[in-house]
Amino acid sequence: MTTGAVTSPTAGQDPGGAAGVLRRVFGYDSFLGAQQEVIEHVIGGGDALVLMPTGGGKSLCYQIPALIRPGTGVVISPLIALMQDQVDALRALGVRAGFLNSTQDAGQRRAMEADFLAGDLDLLYLAPERLRAESTLRLLDRAAISLFAIDEAHCVSQWGHDFRPDYLALSALHERWPSVPRIALTATATRATRAEIASRLNLESARHFVASFDRPNIRYRIEPKAEPLRQLLTLLRNEHQGDAGIVYCLSRASVEKTAAFLERNGIPALPYHAGLDGRTRTANQARFLREDGLVMVATIAFGMGIDKPDVRFVAHLDLPKSVEGYYQETGRAGRDGLPATAWLGYGLADVVLQRRLIDASEGDLAHRRRLSAHLDAMLALCETVECRRAQLLGYFGEAAEPCGNCDTCLSPAQTWDGTVAAQKLLSAVLRLHRERHQRFGAGQVIDILLGRKTPKVIEHDHASLSVFGIGEELTEKEWRGVARQLLARGLLAVQGDYGTLVLTEDSGSVLAGQRQVLLRHEPAPAARAARVSRTGRAAEAAAELPAAAAGVFERLRTWRAAAAKEQGVPAYVIFHDATLRQIAAESPASLAELARISGIGEAKLARYGEQIIELLAEPQAG
Ligand code: ADP
Ligand code: ZN
């Protein structure tokens, strides 16, 4: 874990205090970022709204106060499918944790309720819909509650991408339990969403903790899409061989197609979308979390709350609807702080499709305007010639310098004066409309500019237009790039079901020569990010260890895989890669030395300590 500033070493602290619990239970020596401040505030009974990026260490912000304050910490989380894993991970640390949700039968629920009433739980995870039942509220009345943690708090935002109506009821927690502190946490960063969360959850007077949203280990890359599946395969083969990752697609059909394509090309991949039955979805998710090196091909229905630390890449084959969504999804890469890639391929068809979806969407004009504004911000990110990270962080209200770890920083975009090209394209659209009372999509307009006598051009007699053949200096691909960029900037628009092109208010200034249009060159498909490794980042990270230690690291991973399999838990629940790497590098000879490694608390030391010391002492084969 390397994101966030490391503060306050905990050596020699009160073992019952926050720093003591951090060392004893979680095995960590120092807090990350604002963790300590948040924890102390909540221990003192204060309400908090915590905004930290994915991987920022939000969980400890409520887990440690729940361990220290008397009573059970109640965690509201929409992630029913992940509660078992979350609770398993806590139990592996010796924390008394449980959950109540619809996956349990009546007997399991009763047993859990009994534990809660007996005061035998440090943490109880609840799905938000549980709180609608009066019986749950009465249950909570009957035992001491140390705090309410509202995880994934952006689910309360109606305009956000993960809205859950049940979250709206959470504002009532405060009325029923006025003296219990509440801590709401999310990785969604915009000011508007933050304000909405605070007001809907009655947290306006709570203390707000806002961390930097930068994820410096993620390399952002956005490419125009030519042959998306080929581009994806090249990325995976050249840079992420054997790595775990997520590929997002817009539709169920493209999820299935992409997963099958990767499988055919020797890359183990699983599909995930709402059309699969619940059992298959759960099974695929479990495999992704438990096995190494699987690629999950999914719609955006997948991923919230997935805390797999070693997702090495997130690829988008279709344009996301908003920068918030894109940032959340890409944020699932590299939670462990090691290098990771966020790759997005997008093209003209994406822009047309998304605009069409907005036109067809339900809701009033204000709603459609908002969707449009979201899309415009996403397009601006795609077409920027400046640092992607600076643009992203700027969107979230943070200033940043060029980062040196995104595609535009690594190979600066070339621009060209596209004013004349833009005028040609816009005047083709204008003439079709003025002279023929016709509207067409980009394909036909480009055929006209290129002077192609296609059957459709002949049918409509478009060869007789004065703009026919005036654009032969550019290729079809370049024209598509021009159209895409004009659409992205609102100098051109699409309308109706067929994506027909129409002029906008701003088109006039281009046609009149009052406005210069600088365009981004379409990069050749061969232009790749500077660094290409054939091994994948996981192997690369291991390779940074000295040879002997690298061998030990591999043996530790094999041991961990067997232990994880035996217990039916994800490998990272046992130990993170970073912990194994440190063990391999330092080769502790005693339990006392082992206890000093980051990520080894008391429970894990007691459970695995002997095995690890033995494994380290074994003579190495070869
Ligand atoms: P978030 O919920 O904000 O995405 P998590 O709570 O899952 O982040 O933490 C991200 C990772 O960082 C986890 O693997 C966690 O074990 C690790 N982590 C959290 N706090 C610390 C710390 N103080 N020192 C070292 N690692 C930490
Ligand atoms: Zn950059």
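The values are calculated or read from the model by the stated rules, or taken from the named source; none is laboratory data. Small disclaimer: the values here were computed from a predicted structure and weren't measured. Methodologically, a virtual Cβ is constructed for each residue, glycine included, from the backbone with ideal geometry; neighbour enumeration extends over all protein chains shown.
Say we look at region 554-566 and pick out the residues that are within 28 Å of the chain's Cα centre (by Cα) and more than 16 Å from ligand 1 (Cβ to nearest atom); which of these is nearest to G599 (Cα to Cα)? Walk me through it before giving the result.
Keep residues of region 554-566 that are within 28 Å of the chain's Cα centre (by Cα), which gives 557, 560-561, 564-565.
Adding the requirement that they be more than 16 Å from ligand 1 (Cβ to nearest atom) leaves 557, 561, 565.
Numbers: R557: 15, A561: 17, K565: 20 Å.
Among those that are within 28 Å of the chain's Cα centre (by Cα) and more than 16 Å from ligand 1 (Cβ to nearest atom), it is R557.
Considering only region 373-393, state which residues are surrounded by fewer than 22 Cβ atoms within 10 Å (Cβ to Cβ), within 10 Å of ligand 2 (Cβ to nearest atom) and among the charged types (D, E, K, R).
Matches in region 373-393: E386 only.
Taking region 165-203 on its own, how many of its residues are buried (at least 18 other Cβ atoms within 10 Å of the Cβ), part of a loop (DSSP other than H, G, I, E, B) and not polar (S, T, N, Q)?
Result for region 165-203: 6.
Looking at F468, is it over 25 Å from K225 (Cα atoms), at pLDDT 90 or above and not in a helix (DSSP H, G or I)?
Numbers: over 25 Å from K225 (Cα atoms): yes; at pLDDT 90 or above: yes; not in a helix (DSSP H, G or I): yes.
Spelling it out, F468 is indeed over 25 Å from K225 (Cα atoms), at pLDDT 90 or above and not in a helix (DSSP H, G or I).
Yes or no, residue by residue, for (1) in the same structural domain as A377 (by TED's automatic domain parsing); (2) over 22 Å from S59 (Cα atoms); (3) not aliphatic (A, V, I, L, M):
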| position | (1), (2), (3) |
| --- | --- |
| D292 | yes, yes, yes |
| V311 | yes, no, no |
| S322 | yes, yes, yes |
| E329 | yes, no, yes |
| R332 | yes, no, yes |
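Looking for something within 14 Å of ligand 2 (Cβ to nearest atom) and in contact with a helix residue (DSSP H, G or I) (Cβ under 9 Å, 6 or more places away or on another chain) - is there at least one such residue anywhere in region 409-423?
So the first thing to find is which residues in region 409-423 are within 14 Å of ligand 2 (Cβ to nearest atom), and the list is 409-413.
Going one step further and asking which of them are in contact with a helix residue (DSSP H, G or I) (Cβ under 9 Å, 6 or more places away or on another chain), we end up with 409, 413.
Taking every residue of region 409-423 in turn, at least one turns out to be within 14 Å of ligand 2 (Cβ to nearest atom) and in contact with a helix residue (DSSP H, G or I) (Cβ under 9 Å, 6 or more places away or on another chain).
So which residues in region 358-381 are assigned to a loop (DSSP other than H, G, I, E, B) and within 25 Å of the chain's Cα centre (by Cα), if there are any at all? Break it down stepwise before answering.
Of region 358-381, the ones assigned to a loop (DSSP other than H, G, I, E, B) are 361-364.
Listed by number, the list holds a single entry, S361.
Could you please find all residues in region 414-437 being surrounded by 14 or more Cβ atoms within 10 Å (Cβ to Cβ) and assigned to a loop (DSSP other than H, G, I, E, B)?
G418
Looking at this structure, is T341 within 14 Å of ligand 2 (Cβ to nearest atom), among the β-branched types (V, I, T) and touching a strand residue (DSSP E or B) at 6+ places or on another chain (Cβ under 7 Å)? Steps first, please.
Values: within 14 Å of ligand 2 (Cβ to nearest atom): yes; among the β-branched types (V, I, T): yes; touching a strand residue (DSSP E or B) at 6+ places or on another chain (Cβ under 7 Å): yes.
In short, yes.
If you go through region 119-131 one residue at a time, do you hit one that is within 15 Å of ligand 1 (Cβ to nearest atom), under 29 Å from P309 (Cβ atoms) and either part of a strand (DSSP E or B) or under 23 Å from the mean Cα position of the chain (by Cα) (or both)? Working first, answer last.
Our first condition is that a residue be within 15 Å of ligand 1 (Cβ to nearest atom); within region 119-131, this holds for 123, 125.
After this cut, where a residue has to be under 29 Å from P309 (Cβ atoms) as well, the list is 123, 125.
Now narrow it down to the ones that are either part of a strand (DSSP E or B) or under 23 Å from the mean Cα position of the chain (by Cα) (or both): 123, 125.
Checking region 119-131: at least one residue is within 15 Å of ligand 1 (Cβ to nearest atom), under 29 Å from P309 (Cβ atoms) and either part of a strand (DSSP E or B) or under 23 Å from the mean Cα position of the chain (by Cα) (or both).
Okay, residues lined up against (1) under 24 Å from L605 (Cα atoms); (2) crowded, with 16+ Cβ neighbours inside 10 Å; (3) modelled with pLDDT of 90 or more:
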{"site": "P70", "(1), (2), (3)": "no, no, yes"}
{"site": "G73", "(1), (2), (3)": "no, yes, yes"}
{"site": "L93", "(1), (2), (3)": "yes, yes, yes"}
{"site": "R110", "(1), (2), (3)": "no, no, yes"}
{"site": "A118", "(1), (2), (3)": "no, no, yes"}
